[in-house]
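The values are calculated or read from the model by the stated rules, or taken from the named source; none is laboratory data. Every value quoted in this text rests on a predicted model; they were computed, and no experiment measured them. Neighbour counts run over all protein chains shown; Cβ positions are idealised from the backbone, glycine included.
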Amino acid sequence: MGKIGVALINLGTPDSVDVKAVRRYLLEFLLDKRVIDKPFIQRNFLVRSLIVPKRKKIAANLYAMLPKLPDLPLRYFGNLVAQELNKVLGENFEVELAMRYGNPAFKSLLKKWKEKNFEEIIILPLFPQYASATTGSVLELFFSQIKNWSIIPRVHIVRDFYAHPTYIKTQIALAQRCNPSQYDHIVFSYHGLPLHQLKKANIIGKHCQGNKACCKPFGSKNNQCYRAQCLQTTELISQGLSLDSLKVTTTFQSRLGKNPWIEPYTEEVIEKLGVGGIKRVLIFSPSFVSDCLETWIEIEKEYAESFIQAGGEKLTLVPSLNKEPLWIESLKTMILEKVSYKELSKSF
C-alpha cells in the first residue's frame with residue numbers, strides 16, 4: 001500500500017521579526033489577487049507604495065511582542081501538530097505543515113511531493129470557515145501546481161470544518177476550562193473580510209445582504225457564505241455550553257483600510273460593552289486554530305485595554321486549539337474520513 005501525503009496549510013508567517021522579513025512576507029501575502037481583489041496595476045501600487053511601507057515596521061514590532069517561543073506561533077504550533085499526527089496516524093501517512101505565504105512554502109512542498117509518488121494526497125487548509133482569500137487561495141495554488149504532473153494521485157480536500165463535531169467538541173472543552181458562567185457576556189470574534197468580498201461570493205441570485213438577516217436560516221442559499229458559517233460555529237459552541245443567546249455576540253476583527261468590512265467590528269462591540277456596564281467578557285477566536293498576532297496581541301492586549309478604558313474590568317481570551325490533544329484527535333478524524341482505503345480507517 002502506498003503512502004498518503006497530508007498537507008496542513010496555514011496562512012503564513014514571516015521568517016523572523018526582522019523588518020525585511022516582515023516586508024517580504026507582507027508583499028507575498030497582499031499581492032495575492034484573492035486577498036486584495038483589485039486589478040494588478042492598482043493592487044501592486046497599493047501594496048508596494050502605500051500599505052507595506054506603512055505597515056512593515058508596525059507589524060515587525062507587533063511580531064516582536066509575541067510570547068517567546070522557539071519559533072513564531074503559527075509555524076511553531078503547526079509543526080508540533082504535524083509531528084503528533086505523524087505519530088497517531090502511523091507509517092502509512094506523511095503529514096507536513098506548509099504555509100500559503102512564507103515558509104515552509106506550500107509550493108515547495110508540492111515540488112517535493114511530486115517525486116514521492118503518493119497514492120493519495122489530503123489537503124487540509126487550517127481555516128474552519130471558507131473564504132476565497134484563505135481556503136480558496138490555497139486550493140487555487142494547489143491545482144495550478146499539480147495540473148502538469150504525469151501521475152496525479154487521488155486528491156481529497158478537507159474543507160469548511162466549521163461545524164465538524166470534533167472541532168466543536170474541542171472548542172467547547174477549551175471554553176469550559178474558563179468557566180463561561182462567571183462572565184457577563186461572551187464574544188465570538190472571527191477574522192473579518194471586506195464586505196464586497198462577502199457579496200462577491202454570493203452565487204445564489206442576490207441573497208447576500210451582508211448582514212445577519214440573510215445568514216439565517218442556514219441552508220443551500222448561504223452555506224458557502226463565510227459570515228453564515230461563522231454564525232453556525234457560534235451557535236453550535238453556544239449550544240454545547242448552554243449559553244444564554246442574549247449574552248452572546250458574534251463579531252469580526254482585523255479590519256484593514258477604510259472600506260466597509262463585515263460587521264459588527266469586535267473593537268466597537270468591546271467598547272460598547274464596557275460603556276454599557278458589562279464588567280467581565282469571555283472572548284473566543286474560532287477562526288484561528290493557533291494563537292497568533294490576532295489573538296495574543298490584537299485581542300488579549302489591545303482589545304482588553306480598550307475594554308478596561310471603557311469601564312470593563314476583565315477580558316479573558318479562550319486559547320486557540322494550538323497543540324491541544326483533542327485538536328490532534330479532531331484532525332486525525334477528519335483525515336481518516338477522507339481516506340479511500342476504508343479497511344485502513346477501520347484499523348484505528
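Just one of the listed residues (Asn259, Asn322) is surrounded by fewer than 16 Cβ atoms within 10 Å (Cβ to Cβ), in a loop (DSSP other than H, G, I, E, B) and either touching a residue at least 24 places away in the same chain (Cβ under 8 Å) or acidic (Asp, Glu) (or both), and it is Asn259. Scanning region 1-32 for residues that are under 21 Å from Val138 (Cβ atoms) and small (Gly, Ala, Ser), which turns out nearest to the chain's Cα centre (by Cα)? If we take residues in region 1-32 being under 21 Å from Val138 (Cβ atoms) and small (Gly, Ala, Ser), then Gly12 is nearest to the chain's Cα centre (by Cα). Residues that are assigned to a loop (DSSP other than H, G, I, E, B) and loosely packed, with under 15 Cβ neighbours inside 10 Å within region 105-120 comprise Glu115, Lys116, Asn117, listed in sequence order.
Residues that are within 30 Å of Phe118 (Cβ to Cβ) and either assigned by the TED database to the domain that holds Val138 or assigned to a helix (DSSP H, G or I) (or both) occur at least once in region 35-57. Residues that are part of a loop (DSSP other than H, G, I, E, B) and either more than 15 Å from Thr250 (Cβ to Cβ) or free of Cβ contacts under 8 Å to residues at least 60 places away in the same chain (or both) within region 161-196 comprise Phe161, His164, Arg177, Cys178, Asn179, Tyr183, Asp184, listed in sequence order.
Considering region 146-166, and only residues there that are over 15 Å from the mean Cα position of the chain (by Cα) and of a type in the set (Ser, Thr, Tyr), the residue that is surrounded by the fewest Cβ atoms within 10 Å (Cβ to Cβ) turns out to be Ser150. If the condition is being touching a residue at least 12 places away in the same chain (Cβ under 8 Å) and of a type outside the set (D, E, K, R), then region 22-45 contributes Val22, Tyr25, Leu26, Leu27, Phe29, Leu30, Leu31, Val35, Asn44. Ile203 fulfils the conditions (1) at pLDDT 95 or above; (2) over 19 Å from the mean Cα position of the chain (by Cα); (3) β-branched (Val, Ile, Thr); (4) under 21 Å from Thr134 (Cβ atoms) except for a single criterion, (1).
How many of the residues making up region 246-259 are at pLDDT 95 or above and either more than 18 Å from Ser181 (Cα to Cα) or of a type in the set (Val, Ile, Thr) (or both)? Residues meeting the conditions: 7.
Just so you know, in region 289-317 the residues that are over 19 Å from Tyr76 (Cα atoms) and of a type in the set (Val, Ile, Thr) include one that is farthest from the chain's Cα centre (by Cα), and it is Ile308. In region 233-255, the residues that are on the phi < 0 side of the Ramachandran plot form Cβ pairs under 8 Å with partners that are among the polar types (S, T, N, Q) and surrounded by fewer than 21 Cβ atoms within 10 Å (Cβ to Cβ), at six or more places apart or across chains, as follows: Ser238/Ser245; Leu241/Gln176. Scanning region 167-200 for residues that are among the aliphatic types (A, V, I, L, M) and modelled with pLDDT of 95 or more, we see that the one that is surrounded by the fewest Cβ atoms within 10 Å (Cβ to Cβ) is Ala173.
Considering only residues in region 33-56 that are under 24 Å from the mean Cα position of the chain (by Cα) and of a type in the set (D, E, K, R), the one that is nearest to Leu331 (Cα to Cα) turns out to be Arg34. With (1) over 11 Å from Ala7 (Cβ atoms); (2) at pLDDT 95 or above as the list, and Glu96 as the residue in question, which single condition is left unmet? Every listed condition holds for Glu96 apart from (1). The single condition among (1) at pLDDT below 95; (2) touching a helix residue (DSSP H, G or I) at 6+ places or on another chain (Cβ under 9 Å) that Ser220 does not satisfy is (2).
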